[in-house]
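Structure record follows, encoded as structure tokens.
Read-outs: derived from the displayed coordinates by stated rules, not from any lab. Quantities reported herein were computed from a predicted structural model and do not represent experimental measurements. Counting neighbours? That spans all protein chains shown, and the Cβs are built from the backbone with ideal geometry, glycine included.
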Amino acid sequence: MIGIVVVTHSQLGEALIEAAEFIVGSRPEGVVSVSIDLNQNVDKLREKVAAGIKKAGREEGVLLLTDMFGGTPSNISYSFLEEGKVEVLSGVNLPILVHALNSRVKMGLTELAASLETFGRKSITLASGILKGNKRSGA
């Protein structure tokens, strides 16, 4: 099973994990939140991410889910990229996290990351467009 580290500004990652726990029914194993405080030294933040990777670590690899491309959590996480061992996906939301939890035992790290990117693009919906009978743009 692939480990997951949710790296976000403030406490967003822990909130996402708690919400996912409610949906899947139990605290997921091998899932860790790392909260980034922009007032901390970048070396201290890297240490926090490294500790999260170690805690969530699995032989099958670790997926870092970050909140925003170009933000500090993502920028720090990119430095841990290691083909086949650590992958980073920016733009985490609740549907992506739940999908990751449900899919991480069925596929390898690279395949999971690519699947989540595609799924994430399709999981955003403009409700007014659906109510008007428009097709979902991502579907």
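Points worth noting:
- Per-residue Karplus couplings for region 111-127, computed as 6.51 cos²θ - 1.76 cosθ + 1.60 with θ equal to phi - 60°, are listed in order as 5, 4, 4, 5, 4, 5, 4, 5, 4, x, 5, 8, 8, 9, 9, 9, 4 Hz, Gly and Pro entered as x.
- Our summary gives region 3-131 a relative contact order of 25 percent, counting only alpha carbon pairs under 8 angstrom and 6 or more residues apart.
- Look at [x] 11.2; [y] 8.0; [z] 8.8: the one that is mean projected area of the Cα convex hull in nm² derived from this structure is [z].
- 15 Å beta-carbon shell around L109, net charge (K/R +1, D/E -1): -3
- Close amide H contacts of L64 (hydrogens built in the peptide plane, cut-off under 5 Å, sequence separation of 5 or more or a different chain): V5, E87, V88, L89.
- Karplus 3J(HN,Hα) series, Hz, for region 29-35 with 6.51 cos²θ - 1.76 cosθ + 1.60 (x for Gly, Pro): 6, x, 10, 10, 9, 10, 8
- By average C-beta atoms within 10 angstrom, highest first, the peptides 32-43, 120-131: 32-43, 120-131
- Taken along the Cα-to-beta-carbon direction at a fixed 7 Å, the label points for I23 and S79 span 3.1 nm.
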